[in-house]
Structures are given as structure tokens and as C-alpha cells.
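Here is the structure we will look at, set down as C-alpha cells.
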Amino acid sequence: MCKSLACFIRFTTYCKTNEGNSSAFPFEGAFVKGIDAVSWMANNSSKLSSGQGNGPHCWTFFSTAAFGERTKVPQKNIPNATAEKVKIRMLEGVEIALGLSKGSLKRPLYSRLQLWGAALPTNSPGVPCIFDAHGRAGMCGDWLLGSSLESAAISGMAIVISQIIF
């Protein structure tokens with residue numbers, strides 16, 4: 001059901017540019033439009049209750065499905081050269097999205113690239129959940145309505161309501 005491919009990469013880095021600008025990432029998450037190498041970015045460190053202050057932050061970046069498809073390699077054996085090329089292109093995409101000059105973000109302290117074949121569903125049934133009242137079995141998930149946090153929440157609530165009604 002999920003034919004698209006996406007790349008995500010985590011950067012543990014200080015949220016500063018090479019010029020020392022600490023507001024390089026003035027948000028916790030964002031959808032990105034019009035940039036092939038990046039479609040979504042989020043600060044995983046913001047999920048921590050204690051926060052990270054001015055220390056390193058862990059960011060996740062998703063590419064577009066088209067970019068993922070063009071950079072597709074076996075997931076268990078990503079060549080180092082491919083991983084480096086994708087990382088550089090995604091960082092450049094982040095810089096463009098933030099309106100920064102090329103090479104202005106600090107080099108990541110750590111990065112990990114993963115090609116995720118089920119990241120972006122290309123077809124969805126368009127229902128909030130699937131529930132078999134006779135068999136008392138059901139399933140929910142963001143992939144039923146699309147791929148978003150809102151879809152996941154609606155799907156989860158729908159499966160609970162289905163169980164109450166039946």
C-alpha cells in the first residue's frame with residue numbers, strides 16, 4: 001500500500017549557523033513545500049520535558065517521495081558515498097527552506113540516514129478505521145486517511161467509538 005520512499009536523517013547539532021546565529025531553527029516542526037530534498041522537519045529534542053536549552057538538538061528531516069525514489073538503495077547496506085551525498089543535499093534543502101546561505105549550518109555532530117519505504121502512503125482507503133464487529137477485530141493508523149498526526153488521532157478515536165457502538 002505504501003509505494004513511496006522517503007529518506008530521514010537525524011542531526012544532533014547545536015541550533016546555530018556558522019556565523020553564530022542561534023535562531024537558525026525558530027520552530028519545533030514544519031512542513032516544507034517546493035524543495036525536493038526536504039518535505040518535513042522536526043526537533044525531536046523538543047519532546048523532552050526538560051528541554052535541551054542551548055545544547056545539541058536532535059532533528060529529523062524527511063525528503064519528498066521523489067527524492068527518496070531517486071536515491072533508493074538497499075536499506076541494509078547504504079553505501080557511505082550515497083549516505084554522504086543524501087545528507088549534504090538534505091542539509092542544503094534545510095538551508096534553502098530557512099533562507100540561509102549554502103554551507104551556513106554547522107556540521108552535524110552525528111547523523112543517521114535511513115531509507116523508509118513505508119513513509120509516505122500513495123493510496124489510502126479513506127476511512128478512519130476498519131472494524132469487523134462480528135470478529136471483534138479492527139485496525140487504525142494514520143495511513144488509513146493519509147499521513148499526519150491528525151489522521152492518526154482521528155483513526156484512534158474512530159476505533160474506540162467503533163468498539164463502543166458494537
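Just so you know, all these numbers are worked out from the coordinates, no wet-lab data involved. Note that the structure is predicted; figures quoted are calculated from it, not measured. Neighbour counts are summed over all protein chains in view; Cβ atoms, including those assigned to glycine, are modelled from backbone coordinates with ideal geometry.
Obtain the nm distance between the two label points defined at Glu150 and Ser124 by a simple spin-label model: each point lies 7 Å from its Cα along the Cα-to-C-beta direction.
Placing both labels 7 Å beyond Cα along the Cβ direction yields 1.0 nm.
Grab the beta carbon distance between Met139 and Ser104, set R0 = 35 Å, and tell me the FRET efficiency rounded to 0.05. Provide the component values of the computation, followed by the final result.
On the way: r = 45 Å, r/R0 = 1.28.
Efficiency for this residue pair is about 0.20.
Given labels modelled 7 Å from the Cα in the Cβ direction, how far is it in nm from Glu28 to Asn77?
It works out to 4.2 nm between the two label points.
Pop out the ³J(HN,Hα) list for segment 148-164 in order, Karplus 6.51 cos²θ - 1.76 cosθ + 1.60 with θ = phi - 60°, rounded to Hz; leave Gly and Pro as x.
Going residue by residue, I get 7, 5, 4, 4, 5, 5, 4, 5, x, 5, 5, 5, 5, 4, 4, 5, 5 Hz, with x marking Gly and Pro.
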